[in-house]
Amino acid sequence: MARQPPPVAASDLVERLRARFERLSPELQRAARWVGDHPNETGLWSMRQQGRAAGVSAPTMVRLARALGFADYASFRRPFQEALTGRTAEYGARASALQAAPQAKRIERLAREIAASQIADVESVLALNPPQRLEAAVGAIAAAKRVGFLGVRAPFGIAFKSSSSRPVGARTAS
């Protein structure tokens, strides 16, 4: 049975890319450069999207992961995803603990986790964006004739619900 490698932080992985950069083939260097320059996208985008953006094939992204000692691309990408969420805890252990608790405690604990996560998300937005940028975004949304929702992964339900009454591109009656 294969052993799981110890967890690695995204920043450590970028440093590993830089340290091994000269030993990589030119194609792997293009992929490595892109990953180092776009750590957030590495955590969010599909392997194919990343390959296109880096100017390499999707299998090259897999070869890059293997060149850095990962069994597959998903294992390579995981530290970048965890860096985006700010959570590195094992989800399986959290889920098991949640299921083992009495129902009332589960609901309370889950509600607290959701609230803490939402607060952390808002604090992150505030920390990464100056007030002028937020005001400009609010102004642009308020002035727009039409605002759309991109529902990918977790926000899919919200976007689907808000758009399910009208097909994309449908106009409302004036």
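The values are calculated or read from the model by the stated rules, or taken from the named source; none is laboratory data. Computed from a predicted structure; not experimentally measured. Cβ atoms come from the backbone with ideal geometry, glycine included; neighbour counts cover every protein chain shown. Side chains included, ligands, DNA and RNA excluded: accessible areas come from the protein's heavy atoms. Shrake-Rupley method; radii C 1.70, N 1.55, O 1.52, S 1.80 Å.
Observations on the structure shown:
- In the range 100-129, the residues that are closer than 18 Å to Glu82 by Cβ reach residues that are open to solvent by less than 90 Å² (accessible area, probe 1.4 Å) with C-beta atoms within less than 7 angstrom, at least six apart or across chains, in these pairs: Ala120/Gly86.
- Being modelled with pLDDT of 80 or more, small (Gly, Ala, Ser) and open to solvent by 60 Å² or more (accessible area, probe 1.4 Å) is a condition met by no residue of the range 88-102.
- Which numbered condition Phe70 misses (of (1) open to solvent by less than 50 Å² (accessible area, probe 1.4 Å); (2) outside any loop (DSSP other than H, G, I, E, B); (3) at pLDDT 90 or above): (2)
- Answer residue from the range 103-150, given it is at pLDDT 85 or above and part of a loop (DSSP other than H, G, I, E, B) and is most open to solvent (accessible area, probe 1.4 Å) among those: Lys145
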